[in-house]
Amino acid sequence: MNLENHSKTLKELVSKFDTQWFLGHISGLIMNIVSGLAQSEIGNLSSPQRQLYYLGGLLVTSGEDNISMHTIDSDNETIWEKIVVLLNEIEQEYGKIFLPTEHNKVDADWLKMRSVAMPSFLSYFNQGPLNYEEQKLNWIKDLYVDFDDQIFSQFELRTSDFINFYNALDYLIQDKFQAFTGNRHKFKPEWMELTNRKVIISEDIPPFLLREQENNLPLYQYVQDQGIIFRFHKIDLVSDQLPIEKIEKLLDIFSCKREETDFIYYSSTKPANPLYLQPIIHIDNLYQVFEVKQVLHSIEAFLEKSCSSQQKIQAKLLKEKESCLKSELQFCLKNC
């Protein structure tokens, strides 16, 4: 089986899953890559970050006609094993691209090119930016505030609106995670409605067990559907700084819907994995963010593209980048 067949087989398998649960489950796995709490599911993946994003991309670019699975449990647990095997076999197929064919002359020049191209592609492609959230926020603030006139003329938004949008979403997801995992002061009962897989409590148990289950219901719900903390209504982000009109514009920019495209390769750019530039998924009457930090990277990519549309503005952007890099370097040298 070649790369194309592997990829199509995996996409067909993934397309059977419900959007809410599957994306939420993958988001939970990504969140636990560093902690090691998801080793039973991702421990055998060769490149978890890239492979999980690829899975999410396959789902949101598949149709909804064949949905038949809403979870992975004891009845279908072998499905995840098949997914892991296919993901790793696809990685291996990409590696084969760099191997010599019978028509190649393997000389010093051939080896030199492969020694650079192969590890760069296999080890770094779609692995995720390696920087801290604070670094990226400061970079966006310092670089794009001088382009507010251009940005506003196109979208009626300013750099501060993009930053406020990210912060509002980030704080909301943090609050929901804390609320569902024990902080009852932050819990809001209406959040329990943001799932299509509600936990059912049996009342045919002793009263003390019933009280315990009711008290821990948010935690049980989170365990059953981790995606519940990543879902929200647009009204949840509204503030004095961000009225609903701005929220709607920003969600139009950074959200996508599940719809079928020809995307099957994680290296594809046309069509590309939509989760890199639009990491928020619009599902019926709510939204679900795939990974919060990716929203910040999407904001930077969007602003750079918007400010590079004219040659004159592009030249100014390059000069501003040089200035920001110089300032950051001087700060590092001064404080190291």
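Just checking, which of GLN221, GLN213, GLN226 is touching a helix residue (DSSP H, G or I) at 6+ places or on another chain (Cβ under 8 Å), of a type in the set (S, T, N, Q) and more than 17 Å from GLN20 (Cβ to Cβ)? Write out each step before concluding.
On the way: GLN221 fails: more than 17 Å from GLN20 (Cβ to Cβ); GLN226 fails: more than 17 Å from GLN20 (Cβ to Cβ).
Only one candidate qualifies: GLN213.
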So, in segment 147-158, of the ones that are open to solvent by 80 Å² or more (accessible area, probe 1.4 Å) and assigned to a helix (DSSP H, G or I), which residue ends up nearest to ILE313 (Cα to Cα)? ASP149
Restricting to segment 225-263, name every residue that is aliphatic (A, V, I, L, M) and within 17 Å of the chain's Cα centre (by Cα). ILE228, ILE229, LEU250, LEU251, ILE253
Looking at (1) touching an Asp or Glu at 6+ places or on another chain (Cβ under 8 Å); (2) within 26 Å of GLU64 (Cα to Cα); (3) open to solvent by less than 40 Å² (accessible area, probe 1.4 Å); (4) not aromatic (Phe, Trp, Tyr), find the lone condition where LYS234 falls short. (3)
May I ask you to list the residues in segment 149-177 that are modelled with pLDDT under 95 and among the small types (Gly, Ala, Ser)? SER153
Residues in segment 289-311: is at least one open to solvent by less than 100 Å² (accessible area, probe 1.4 Å), modelled with pLDDT of 75 or more and assigned to a strand (DSSP E or B)? yes
Consider ASP284 carefully, then state whether it is out of contact with any strand residue (DSSP E or B) (no Cβ under 6 Å at 6 or more places or on another chain), within 17 Å of LEU23 (Cα to Cα) and among the acidic types (Asp, Glu). yes
Regarding VAL60, is this residue open to solvent by less than 10 Å² (accessible area, probe 1.4 Å), touching a Phe, Trp or Tyr at 6+ places or on another chain (Cβ under 8 Å), under 21 Å from THR261 (Cβ atoms) and in contact (Cβ under 8 Å) with a residue 40 or more places away in the chain? no
Any idea which residue in segment 159-195 is farthest from GLY28 (Cα to Cα), counting only those that are open to solvent by 40 Å² or more (accessible area, probe 1.4 Å) and among the hydroxyl-bearing types (Ser, Thr, Tyr)? SER160
Given (1) touching a helix residue (DSSP H, G or I) at 6+ places or on another chain (Cβ under 9 Å); (2) open to solvent by 50 Å² or more (accessible area, probe 1.4 Å); (3) not in a helix (DSSP H, G or I), where does TYR266 come up short, assuming only one miss? (2)
Taking segment 275-288, which residues are among the polar types (S, T, N, Q), over 26 Å from TRP139 (Cβ atoms) and open to solvent by 40 Å² or more (accessible area, probe 1.4 Å)? ASN285
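The values are calculated or read from the model by the stated rules, or taken from the named source; none is laboratory data. Everything numeric in this text was worked out from a predicted model, so none of it was measured. Note that each Cβ is placed from the backbone with ideal geometry, even for glycine, and that neighbours are counted across all protein chains shown. Side chains are part of the model used for accessible areas, which takes the heavy atoms of the whole protein and leaves out ligands, DNA and RNA. Shrake-Rupley method; radii C 1.70, N 1.55, O 1.52, S 1.80 Å.
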